[in-house]
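Everything below concerns the one structure shown next.
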Amino acid sequence: MHEETTPNHLVIFMPSGRRGRIASGTLVLDAARQLGVEIESICGGRLTCNKCRIRVEEGQFAKHGITSAQSHLTPASDEEIRLLEKLESPDCRLSCNAKIVDDALIFVPEESRAHKQVVRKAATDRIIDLFPTVRQIFVEVDNAELGEHRGDWGRLQDALAAKWNLHNLTIDLPVLRELQANLRKGKWSVTVTLWQEREVIDVQPGYQEGVYGLAVDIGSTTIAGFLCDLRTGEILATESMMNPQVTYGEDLMSRISFAMMHNDGLEKMHTAVIEALNRLAASTARAAGIRQRQIQEAVIVGNTTMTHIFLGINPIELGGAPFALANRDSMNVKARALGLRLHRSANIHVLPAEAGHVGADNVAALIAEEPYNQEAVTLLVDVGTNAEIVLGNKAWMLSASSPTGPAFEGAQIRFGMRAAPGAIERVRIDPETLAARFRVIGEDSWSDAWQIGPQFPVEAQPQHLAAGICGSGIIEVVAEMFLAGILLPDGRFNPTLHHERIRWDERRGEYIVATAEQTTTGSPIVVTQEDVRNIQLAKAALYAGTKLLMNEAKLTHVDRIVLAGAFGSYIDPKYAMILGLIHDCDLAQVTAVGNAAGDGARIALLNKHKREEAQRISEWVRYVETAVHPDFQQEFVGAIHLPHATDPFPHLNGLLPDPMPNLELNGNGRRKRRRRRNKKITTKEEK
């Protein structure tokens, strides 16, 4: 008799991107644990804690190679249905009660994640001149009298003209509807809120204070929001979250394809981002001690695909040449028209774009860093799923985009994950022993100092074992593998090395970064040949875009390099250069500036003149189309190598390994290993 084998199914958890084959009949909660996805569960499956909610995505997802449906889990019990209705989550399931019966793409909401993601898009300290578009003024209005027919709006207009020299004002209809009641409630003294000195967006009885605005950076992977006091410029609250659109595709082209291939694709992605922004507005308002409806303006930035979807505009034209935008200029639109639950008359300002794939986020980064006001030739790189590049100074400026893909965010990497507690973020490899030591998010100590095992007291053991590798970690481990001789300059594993840390599947190698006892799953975390290749492809796309701009400007070097974005802020510039992610430059002139796009959005929120500057700069910068450039393929191929096939890196002299000698075969027909000694890199945080 043949034993029947239990079928297994492909299960993918988002937004972590962890995937694997799971046996049919496995609880979703157990499947998550098997794949290293930690879902909150306190009650042990008794349906009482309500913490383990998940959502099964419906449809065919070509990017993930999966067809998913609610029916691919076991049906919900009556008790589960009642509980989910009570929680107002009828579209969710409880992972402790649902079992896998077919392939499934499962989204784990933020509130259900045991280890919340560390979204690194904090604001930086900047001096900003305050000229907000929204302000409040107090005014006393003439009483209505018999025989006087101006109307209450006319009386208010006259009072504003006489007291504040404001003319030709308009009033938003919802405000007009309540104007008469508010005038009388305030005994004809009211606080008027103005937008752009031309529209009345609120009238409150008596004297009132408090004007608030929200600056938002909608990234492909993460969304960051900054709630500000428009009178003082103070940041009252900051909030970051995953962009829920990652479920529909991790890179821009995947989302454009999703909109093309599904009739409701645009609606799903638009609804997802609007709901996320409403949650973000609510959480920041709660943290600041105000009501969400008190937010009277918002400034939105993002790449062109993100802003199109945010506005409910189909991004299909961005999917192919000539990459036409629906609108390049800045826009103002009412929040209520988009379904945003802010003040009823709040306006949304979207900064302008530069070209098809260089959007408002890049313009925001420009007005934050102002390279157009400097003598030095600056290379500004916003490293992300879609890298945006600007090169120039006060005399000229070029821009380009480069589709690096999600590898830098931890996707397309076998053990890749978002930045969350337990993610490996720093790696060092001993060039003699080839042993790795690493540091994970949430732990101050390096792994070689960990005390693990029953012989050690619980309080002495690390709180977070390694769960995967985030973007900064994958950059460092690949660079360290190259420095240690594990990788050849072309990215292949060195076939002369035979070591317990290196495992071979025929001719494809993989390197053990974390041993089984150091991980949450009890299995080693490895970096594979495919992982290395995905990083090579991503960094080559970025470098090639940079090189094309330099060729266009007839430059062989730049004065300074600025790394922007959440990812760019957490990679070590030295390792970025060793990998060949950025061009050669004096390392002292390579700086990380944090979330420059978010800072630019905040600047535009607090200073209306910067909006005018953003429009002017977006038209002045000259865009270079890299996707169809005749030299792109040549530059891309050269940049595949570590750090580059031909370009010199004089600022890395003494750090890079010596050129490999000819490899000789030993008596067993295997290539001999030539030991190479490399200078050990020590960073400030290791001292």
Taking the convex hull of Cα positions in the stretch 184-248, its mean projected area over all directions (nm²): 6.6
Highest-first arrangement of 172-178, 486-492, where packing means the average Cβ count within 10 Å: 486-492, 172-178
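Counting only protein heavy atoms and a 1.4 Å probe, tell me what percentage of the stretch 256-349's accessible area is made up of carbon and sulfur. Write out the running numbers ahead of the final one.
Values: 1860 of 3770 Å².
Summing carbon and sulfur atoms, their accessible area is 49 percent of the total for the stretch 256-349.
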Spherically averaged projected area of the stretch 136-206 from its Cα convex hull (nm²): 4.2
The stretch 539-582 - Rg over Rh from alpha carbon coordinates, Kirkwood radius: 0.97
Projected area, mean over directions - the stretch 519-649, Cα convex hull, nm²: 11.3
Peptides 235-246, 281-292 ordered by average Cβ neighbours within 10 Å, highest first: 235-246, 281-292
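Report the Rg/Rh value for the chain, based on alpha-carbon coordinates and the Kirkwood definition of Rh.
Computed over Cα atoms, the ratio is 1.02.
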Radius, Kirkwood style, for the stretch 493-548 when every pair of distinct Cα atoms is counted (Å): 13.0
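Just subtract the alpha-carbon distance of T232 and F131 from 0.36 nm times their residue separation and send over the number in nm, one decimal.
Values: separation 101, 0.36 × 101 = 36.36 nm, distance 1.02 nm.
Working it through step by step, the gained length comes to 35.3 nm.
What whole-number value in Å² describes the accessible area per residue of the chain for a 1.4 Å probe?
Working: 29030 Å² over 687 residues.
Accessible area per residue, the chain: 42 Å².
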The chain: DSSP helices with Cα axial extent of at least 20 Å and average Kyte-Doolittle hydropathy no lower than -1.0: 265-288, 529-552
Length-normalised contact order of the chain in % [C-alpha pairs under 8 Å, at least 6 apart]: 12
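Quantify, in whole percent, the carbon and sulfur part of the accessible surface of the stretch 498-640 (1.4 Å probe; protein heavy atoms only).
Values: 2630 of 5500 Å².
Answer for the stretch 498-640: carbon and sulfur cover 48 percent of the accessible area.
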Value at 222 nm in deg cm²/dmol, rounded to 500, when DSSP H runs of n ≥ 4 in the chain each add -39,500 (n - 2.57): -8000 deg cm²/dmol
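Under a point-charge model restricted to the Cβ atoms of Lys and Arg (+1) and Asp and Glu (-1), what is the dipole moment magnitude of the chain relative to its Cα centre, in debye to the nearest 20? Intermediate results must be reported in sequence, preceding the final value.
Values: 75 positive and 85 negative charges, 186 e Å.
In total the dipole reaches around 900 debye.
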Where Rh is the Kirkwood radius over Cα pairs, Rg/Rh for the stretch 333-417: 1.11
Cross-link pairs beyond the 18 Å C-alpha cut-off, checked among K539/K574; K163/K608; K51/K86: K163/K608
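The values are calculated or read from the model by the stated rules, or taken from the named source; none is laboratory data. Please read these numbers as outputs of a predicted model, since none were measured by experiment. Virtual Cβ from ideal backbone geometry, glycine too; neighbours counted across all protein chains shown. We work out accessible area using only protein heavy atoms, side chains counted, and drop any ligands, DNA or RNA first. Shrake-Rupley method; radii C 1.70, N 1.55, O 1.52, S 1.80 Å.
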